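Peer 1: Pasting a structure here, questions to come.
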Amino acid sequence: MIAEFSAKLRENIQKVIVGKNEVIDLTLIALLCEGHLLLEDVPGTGKTTLAKTIAKSLACSFQRIQFTPDLLPSDVTGIYYYNQKIQEFEFRPGPIFSQILLADEINRATPRTQSALLEAMQERQTTVDISTHKLPRPFLVMATQNPIELEGTFPLPEAQLDRFLMKIGLGYPTESEENDILLRFEQSDPLEELNSVVGPEEILAMQDRVRSIRVENSMRFYIANVCRATRSHPDIELGASPRATMALYRTCQALAAIRGREFVLPDDVKEIAPYILTHRLIIGAKTRLRGRQPQDIVAEVVDTVAVPVEA
């Protein structure tokens, strides 16, 4: 059932997005896990187009926030204003009160504005003044950002990064893919003609069903041990949090589900772990000077942790 759901959504997305099958699958996994997605790459690689295509494929409310240095937290969450007609204060919700939120170029906003998303991403609610407001379900934040080396960007703090289920990059297309892009967009923009194929009720049903994917005890310990190994690695100053362990567990269930399986395999953990753990690790200065990157260390950890085998 989940595999059929994913295939229908994937087919619709591919009407606009050329190639990038792995990126599309990772996005579907984030949706099924009620997680949030951080898309990082250089400008012009299709980050915003992918986010808008996902939003149009889902019959959900959609809002886009263009993050800039002068954006205020109230521009995201909303404000209380005094209504002179009724002589009372009323709440005017901000764009965060939508089911699909595109936070475009999130690292161009100041840390104060970035932090306005923290409560919403973790607890699916937001507090304005002294009042707490629930957000609609499903709730998916798709944030795009340019590499931190580019001018005019602010690094996301560790607490913000930890709330993103996955961080992925699109990369440049191949020669044939770039040619297909030119042909596909030659006459018109296929995004304008794209229709939604999945509704909120179906999404919520699939999210609940993912939780029933079976994870054996040995697999559960394996997932936990992979995350725990990052906390004792000599090249890592800050390892994966328990939230990361839960994220790895849930994404393995979702990956197995979209592959048409009712159980999780060790290969699922090895495949999905780099996207879950890499952006959550802080490596030491000496490690960076040696040219080692977090993705290299994650690959090393996954290779060294003992894989459960059938008796």
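Peer 1: Which pairs have Cβ atoms under 7 Å, sit 6 or more apart or on different chains, and link a residue in region 119-138 that is assigned by TED's automatic domain parsing to the domain that holds LEU58 to one that is assigned to a loop (DSSP other than H, G, I, E, B) and of a type in the set (Asp, Glu)?
Peer 2: PRO138/GLU34
Peer 1: State whether the residues of region 184-202 include one that is of a type in the set (Asp, Glu), in contact with a Gly (Cβ under 7 Å, 6 or more places away or on another chain) and modelled with pLDDT under 85.
Peer 2: Checked against the condition, which is being of a type in the set (Asp, Glu), in contact with a Gly (Cβ under 7 Å, 6 or more places away or on another chain) and modelled with pLDDT under 85, region 184-202 yields no hits at all.
Peer 1: Here's a check for you: in region 20-44, which residue that is in a strand (DSSP E or B) and out of contact with any Phe, Trp or Tyr (no Cβ under 6 Å at 6 or more places or on another chain) is surrounded by the fewest Cβ atoms within 10 Å (Cβ to Cβ)? Break it down stepwise before answering.
Peer 2: Keep residues of region 20-44 that are in a strand (DSSP E or B), which gives 37-40.
The next check asks that each one be out of contact with any Phe, Trp or Tyr (no Cβ under 6 Å at 6 or more places or on another chain); those that pass are 37, 39-40.
Values: LEU37: 24, LEU39: 27, GLU40: 20.
Out of the qualifying residues, it is GLU40.
Peer 1: Another question, if that's okay. Looking at THR153, THR127, can you tell me which residue is within 28 Å of ILE282 (Cα to Cα) and of a type in the set (S, T, N, Q)?
Peer 2: THR153
Peer 1: Which of the residues that make up region 245-274 are closer than 15 Å to MET166 by Cα and in contact with a Ser or Thr (Cβ under 8 Å, 6 or more places away or on another chain)?
Peer 2: ILE272
Peer 1: Then there's this: Of all residues in region 199-241, count the ones that are of a type outside the set (A, V, I, L, M), farther than 30 Å from SER6 by Cα and in a helix (DSSP H, G or I).
Peer 2: The total comes to 3.
Peer 1: Residue by residue through region 1-39, note down the ones that are in contact with a helix residue (DSSP H, G or I) (Cβ under 8 Å, 6 or more places away or on another chain) and of a type in the set (D, E, K, R).
Peer 2: Result: ARG10, LYS15, LYS20, ASP25, GLU34.
Peer 1: Follow-up question, since we're still on this one. So, THR251, is that one crowded, with 18+ Cβ neighbours inside 10 Å, modelled with pLDDT under 90 and in a helix (DSSP H, G or I) or not?
Peer 2: When the stated conditions are applied, THR251 does not pass them.
Peer 1: Out of the residues in region 61-109 meeting the condition of being over 16 Å from the mean Cα position of the chain (by Cα) and charged (D, E, K, R), tell me which one is surrounded by the fewest Cβ atoms within 10 Å (Cβ to Cβ).
Peer 2: Here the residue is LYS85.
Matching residues to (1) in contact with an Asp or Glu (Cβ under 9 Å, 6 or more places away or on another chain); (2) closer than 30 Å to LYS8 by Cα:
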| position | (1), (2) |
| --- | --- |
| ARG261 | yes, yes |
| VAL264 | yes, yes |
| ASP267 | no, yes |
| LYS270 | yes, yes |
| ARG288 | no, no |
| ARG292 | yes, no |
| ALA299 | no, no |
| PRO308 | yes, no |
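Peer 1: Scan region 254-292 for residues that are under 13 Å from MET219 (Cβ atoms), surrounded by 21 or more Cβ atoms within 10 Å (Cβ to Cβ), over 15 Å from the mean Cα position of the chain (by Cα) and hydrophobic (A, V, I, L, M, F, W, C) and jot them down.
Peer 2: Hits for region 254-292 are ALA256, VAL264, VAL269.
Peer 1: So GLN207 passes all but one of these: (1) under 19 Å from the mean Cα position of the chain (by Cα); (2) without any contact (Cβ under 8 Å) to a residue 60 or more places away in the chain. Which condition number does it fail?
Peer 2: (2)
The values are calculated or read from the model by the stated rules, or taken from the named source; none is laboratory data. Because the structure is predicted, anything quoted here is derived from the model rather than measured. We place every Cβ from the backbone using ideal geometry, glycine too, and count neighbours over all the protein chains shown.
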